[in-house]
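For reference, the structure is listed below as structure tokens.
Just so you know, all these numbers are worked out from the coordinates, no wet-lab data involved. Owing to the predicted nature of the structure, the values given are computational and were not obtained by experimental measurement. A quick note on method: Cβ atoms are made from the backbone with ideal geometry, for glycine too, and the neighbour counts reach across all protein chains shown.
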Amino acid sequence: MKKRLWTGLFMMCILGLFTACSNQDSSTESQNAAMTESEVREDSSTFSDESVDENSVEMEGAEGERESVEAGEVTQSDRKIIYHANLNIEVKNVDQAISDIHARASNAGGYIVESITQGETENETASGQITARIPQEHFQDFIQFVEEGSSKVMESSVSGQDVTEEYIDLESRLKSKRAVEERLLSFMEQAEETEDLLAISNDLANVQEDIEEIIGRMNYLEDKSDLATVTIYLQENNVTLSGMSEDDLNTWEKTKQQFLKSLNFLVKAFSGMFVFFIGNLPILILLSLIAFVIYYFIRKRKKED
């Protein structure tokens with residue numbers, strides 16, 4: 001009986017040891033599986049982590065640049081300011097004024113964006129509109145030239161928009177996007193699985209699209225800040241005095257017209273006389289002969305008496 005009892009206890013001990021070892025192996029395998037899954041998750045979330053890093057870097061860079069702007073560290077020459085001017089003027093001759101503005105804009109290194117002219121009608125005088133892009137360093141000189149060349153400045157306004165902070169933010173974003181692009185290119189070289197290549201290619205395309213948009217916006221701000229926009233509205237002025245008509249004021253024109261009328265009358269008179277005498281020459285000769293014969297007989301009779 002005792003022998004069976006000890007045999008049973010021995011078997012239970014062996015069974016307990018076997019169960020403990022089995023549980024330990026199972027726990028080890030579970031831990032290994034958990035570690036492997038964690039590594040996979042880390043690998044699959046690499047690109048999302050990069051995006052987080054990109055956003056954090058971008059925000060930190062933008063904050064630093066913005067603080068430098070607020071602290072006044074950006075010099076006046078580094079500022080990006082978009083200028084726009086509107087001028088409403090009267091001129092003596094619209095076509096000549098537009099031609100002068102074209103030449104001035106070209107000499108200043110700018111160009112004309114739009115030029116419109118409307119001729120004089122029965123109820124309205126000639127008018128025009130011209131839009132010019134002028135380098136910022138010649139902006140004030142160009143406005144002064146237009147105002148001095150006009151008969152009257154009816155309206156003049158200049159506005160400016162400071163886009164320095166936006167431009168600096170874009171520079172910071174572009175820098176962080178470039179860094180992410182380089183890392184994605186590096187991952188693409190190391191990737192071996194097709195799924196990884198596709199995922200990296202998709203992320204790379206998105207980043208490069210963002211880079212193109214940022215560069216396009218920066219180029220736009222640079223162009224707008226480097227070249228100011230000037231819009232000019234021109235109106236041809238007609239000077240009139242109270243109690244006098246337009247014909248009364250144009251003395252020189254009236255004098256020329258009267259002289260031409262007189263000259264034309266004389267030409268017509270001489271022309272008419274020439275046509276009359278030459279055209280009626282046979283009749284005039286006949287009448288002259290008749291008159292001469294009558295005169296001869298009358299004179300002869302007087303001598304006989």
Computed magnitude of the charge dipole of the range 111-235 (debye, nearest 20; Cβ of K, R +1, Cβ of D, E -1): 420 debye
The range 251-304: C-alpha gyration tensor shape, a/c 1.5 cut-off, then a/b vs b/c: oblate
Straight-distance crosslink candidates among lysines, where the alpha carbon sits under 25 Å from K268 and sequence neighbours closer than 8 are dropped: K254, K256
For the range 148-210: rounded, prolate or oblate by the Cα gyration tensor [a/c cutoff 1.5]: prolate
Relative packing of 221-233, 156-168, 262-274, which averages over residues the other C-beta atoms within 10 Å, highest first: 221-233, 156-168, 262-274
Pairs of Cα atoms farther than 23 Å apart, the range 110-263, %: 66 percent
Mean Cβ neighbour count within 10 Å, used as a protection proxy, ranking 254-261, 80-87 highest first: 80-87, 254-261
27 Å Cα-Cα reach of K152 towards lysines, excluding residues that sit fewer than 8 places from it in its own chain: K92
I294 versus I112: modelled label distance in nm, points set 7 Å from Cα along the beta carbon direction: 7.6 nm
